[in-house]
1. Ordering 45, 33 from largest to smallest accessible area (1.4 angstrom probe), what's the sequence?
2. Going by accessible area, probe 1.4 Å, with all protein chains left in place, what is the ranking of 1, 28, 46, largest first?
3. Averaged per residue, what accessible surface does the chain expose to a 1.4 Å probe, in Å²?
4. Which ³J(HN,Hα) values in Hz, rounded to whole numbers, follow from the phi angles of the stretch 37-50 under the Karplus curve 6.51 cos²θ - 1.76 cosθ + 1.60, where θ = phi - 60° and Gly and Pro get x?
5. Could you give the length gained on full extension between residue 15 and residue 43, defined as 0.36 nm per residue of separation minus the Cα-Cα distance, in nm?
6. Filter the trypsin sites (Lys or Arg not before Pro) in the chain down to the DSSP loop ones having no more than 12 other Cβ atoms within 10 Å, then list what survives.
7. What do you get when you divide the Cα radius of gyration of the stretch 17-68 by 2.2 N^0.38 Å, with N the number of residues?
8. Given 0.36 nm per residue, what is the gain on full extension from residue 58 to residue 2 after removing their alpha carbon distance, in nm?
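The values are calculated or read from the model by the stated rules, or taken from the named source; none is laboratory data. Keep in mind that what you see is a predicted model, and the values were worked out from it rather than measured. So basically every Cβ, Gly included, is an ideal-geometry build from the backbone, and we count neighbours across all protein chains shown. SASA here: full protein model, heavy atoms, side chains in, ligands and nucleic acids out. Shrake-Rupley method; radii C 1.70, N 1.55, O 1.52, S 1.80 Å.
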Amino acid sequence: MQVNKETLIGEIIMKAPEAAPILMGAGMHCLGCPSAQGESLEEACMVHGIAVEPLVNAINEYLKTKEQ
């Protein structure tokens, strides 16, 4: 799986639950919230005041190591 700023939080959690600690480490502690499930990564970052591109890169780098 590869994520981008349009990827939904719910999709990330469903397809790559091991990425949850990265999101939580960035300050997104509401991953189980029903409204968070339908938010894009970009929308969630805007709400939390987080830059989206570094988070996208961190998640993709982590997921790349899990595929090997």
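1. 33, 45
2. If we order 1, 28, 46 from most to least accessible, we get 46, 1, 28.
3. That works out to 59 Å² per residue.
4. Going residue by residue, I get 4, x, 8, 6, 4, 5, 5, 5, 5, 4, 4, 9, x, 10 Hz, with x marking Gly and Pro.
5. 8.2 nm
6. Listed in order of number, the matching sites amount to none.
7. 1.11
8. Extra length from residue 58 to residue 2 when fully extended: 19.1 nm.
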